[in-house]
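Note sheet for the following structure.
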Amino acid sequence: MNGTRLVRAAGAFGLASISAGVSLATRSGGPGGYLDLFAVVAVLLFVVGLAGRWPGAVTAAVIGLAGVQVLGHLRTDDAPELIAIVALLTGAFELGCWSMELAVRVTDRPGVHRARWAWVVGWTVGGGALAALVLGTATVRFSDRVPLDLLAVVAALLLLGAVAAAAVGPRSDASDR
Amino acid sequence: MTGTLSDRVPSAIFLAGLGLLSGVLFHRIDLVALGAPFALLALAGLVVSEPPPLDAQLEVARDRAVEGDQLDVRLRLSSPVTIPRVEVVVDPPAGMARAGVDPIAVRLDRDVEEVLDVPLLCERWGTFRVAPVHIRIRGRGGIRSWHRLLEPVRTVRVHPGPDVLRTLVRPHRTQAAAGNQVASDRATGIEPADLRAYQPGDRPRDIHWRATARRGQLWVQERHPDRATEVVVFLDAFSTSGFERAVRASTALVDAHLGERDRVGLVTFGATVSWVRPGSGGLQRMRLIDHLLGRQVWSSTVVKGIGVVPPTALPPRSLVLAVSPIEDERTLAGLADLRNRGIDVAIIEVTPDVPEEPTVTRLWHLRREVVRDRFRRLGVAVVEWNEGRPVESVLAEAEAFRRRGRRVVR
């Protein structure tokens, strides 16, 4: 077992578990005992995805963990918990994907992981900050209503742009030497 | 340079789309908040499309090595920008292996040259292009990576391992040039041959004083001169079976005979026929080894005789050492033809793969025995060389047969 990968996978598992724990501990209703089972299944799926290096399983697990948060907070919106969950899920996703990239044993020279650690921490914190920003915009009201239409347009544009860029896929650059 | 996206970008796009769209559908801002970081993550990866500039130079320490040697390969990397992670994998050709196990990952700081030693182990003989190197540059966060292949820069010839031969097959005939082989002729030399009565013209220094004193008249010591021989290594390239060992044995023979100051040539007889005329010295050794390392076995049904080889490549007074699995009729006919022309031939039989079916195996052995017997009756030593048996003992057996043959066949 690659020790470097194990550390990242353990960290991702830890963040996913904490996310599930926070969601369950702060829930304000939802489908009762089934939510606990749902959370356990999501965490297990996350572990299976990491062990088997299946990005699809990790993605499904993140959806599951997000679902635990959403289903557990149908009645009330707890902003601080939600911000924490977003940060934790972003961190878990980043660390999990990183661990999957490290499946091949590589002799690492010093400083190789420095930038990536900064990236993961930055995205974890940044994810929370972005969630806070989104929640903040929800309080902005145009003509006495939340600008969900505006958010939907922005989201659709973002999504279209992302899909279009991804469709281009791998490419050869002119700077080939 | 080829750029690829990380596997997590499609996942991030999916998560972002699901969160944002479900947020709009269910009028829940928490779903939008959950999807937003992933949307940003996907975009962050997609906006970076240019690979960071990287200068990579591959250096190979030498162009010749011996089996088992470690070949020093050095890679110099530098970039005008900082690259967080550059992964380097040397892809050794078949017959070579990485001396270190793992690929290497380095951080490249701006304008700082990084030198990576990626030694290769020469596992078997041959000619290799060293070495394709795969370089993967990961962008920030590893979202986008670029792959670059450094083409091989040098051809390295790996010689077969040193197989020192102390016993050699002695030729029946020698050449006029001086060498290390004791000739059967009588002339000026070191090795005593016989005593005879003094003849006018004999050198006084050749007088054998003890015999002269005993017999009361002048007797002289006759001596065998030390002569060079011409040895032609005849490599059968019709069959793949045992070809690698055949080349190894041929290299050992070339080395040993050149060490004895013989003139050594080479004939490769197969789908393609090639030869190196006999010669001596270090340059000839290089020529022969390079020729051997470049040989391959090609399938062919063309009937060809030994006549395609020019007489200069097979001198009449030479010793032909054939290394062959004695399977192909064209080789057998060629060797028999050489013997019938009076050329001194010895065959080192590289044992090919044995058929698995018992009945076939018996017939196969029988047929081979018939072939051996056919050559032995022609006065050709045929010595079997199995896997694991040193060439030295094979040559000793061949030499013993030829000594017996000298007494019986002549």
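For the residues B:GLY35, B:GLY281, B:GLY342, a GNM of chain B with alpha-carbon springs under 10 Å puts the largest fluctuation on B:GLY35. Under a plain spin-label model, where a point goes 7 Å from the Cα along Cα-to-Cβ, how far apart in nm are B:ARG129 and B:THR82? The answer from the label model is 3.8 nm.
For the peptides B:269-279, A:110-120, B:24-34, the ranking by packing is B:24-34, B:269-279, A:110-120, with the highest mean count of neighbouring Cβ atoms within 10 Å listed first. For the residues of A:50-63, the average number of beta carbons from a partner chain within 10 Å of their own beta carbon is 3.
A convex hull fitted to the Cα coordinates of the protein assembly as shown yields 240 cubic angstrom per residue. For the residues B:ARG372, B:ARG285, B:ARG215, a GNM of chain B with alpha-carbon springs under 10 Å puts the largest fluctuation on B:ARG215. Evaluating 6.51 cos²θ - 1.76 cosθ + 1.60 at θ = phi - 60° for every residue in the stretch A:59-73, the Karplus couplings come out as 4, 4, 5, 5, 4, x, 5, 5, x, 4, 5, 5, 5, x, 10 Hz, glycine and proline recorded as x. Once the Cα atoms are used to define both axes, helix B:243-259 deviates from the longest principal axis of chain B by about 50 degrees.
For the stretch B:2-47, compute Rh as the Kirkwood radius over C-alpha pairs and then the Stokes-Einstein diffusion coefficient at 20 °C and 1.002 mPa s; write the answer in µm²/s, rounded to an integer.
After rounding, the answer is 200 µm²/s.
Summarised in one figure, the compactness ratio Rg/Rh of chain B, Cα atoms and Kirkwood Rh, is 1.25.
Arranged from highest to lowest average of other beta-carbon atoms within 10 Å per residue, in what order do the peptides B:250-260, B:359-369, B:87-97, A:92-102 appear?
Descending mean neighbour count gives A:92-102, B:250-260, B:87-97, B:359-369.
If you place +1 on the Cβ of every Lys and Arg and -1 on the Cβ of every Asp and Glu, how big does the dipole about the Cα centre of chain B come out, in debye to the nearest 20?
1820
Taking 0.36 nm per residue of sequence separation and removing the Cα-Cα distance, the B:GLU384/B:GLU191 pair yields an extension gain of 66.2 nm.
To the nearest 0.05, how large is the calculated FRET efficiency for B:VAL302 and B:HIS365 if R₀ is 35 Å and r is the Cβ-Cβ distance? FRET efficiency, B:VAL302 to B:HIS365: 0.75. The local environment of B:ASP69, defined by Cβ-Cβ distances under 11 Å, has a net charge of -1 under the rule Lys, Arg +1 and Asp, Glu -1.
Distance from the alpha carbon centroid of the stretch B:96-149 to that of the stretch B:237-286 works out to 36 angstrom.
Peptides B:394-402, B:201-209 ranked from most to least packed, by the mean per-residue count of other Cβ atoms within 10 Å: B:394-402, B:201-209. For the stretch A:1-128, the spherically averaged projection of the C-alpha convex hull amounts to 7.5 nm².
DSSP beta bridges confined to chain B are antiparallel in about 65 percent of cases.
Averaged over every viewing direction, what's the projected area of the C-alpha convex hull for the stretch B:320-363? Give it in nm², one decimal, please.
Taking a quarter of the hull surface, the average projection is 3.5 nm².
With a 10 Å cut-off around each Cβ of B:81-91, the average count of Cβ atoms from other chains is 3. Counting Cβ atoms of other protein chains within 10 Å of each Cβ in B:22-31 and taking the mean gives 6.
Modelled this way, with points 7 Å down the Cα-to-C-beta line, the labels at B:HIS27 and B:ASN340 are 10.6 nm from one another. Between the C-alpha center of the stretch B:16-76 and that of the stretch B:287-357 there is a gap of 57 Å. The label point for B:TYR198 and the one for B:ARG374, both projected 7 Å from the Cα toward the Cβ, are 5.8 nm apart.
The antiparallel fraction among DSSP beta bridges confined to the protein assembly as shown stands at about 65%.
Rule-based calculations on the coordinates, nothing more; no lab input. Just so you know, these numbers come straight off a predicted model, no measurement behind them. In this analysis, Cβ positions are derived from the backbone assuming ideal geometry, glycine residues included, and neighbour counts consider all displayed protein chains.
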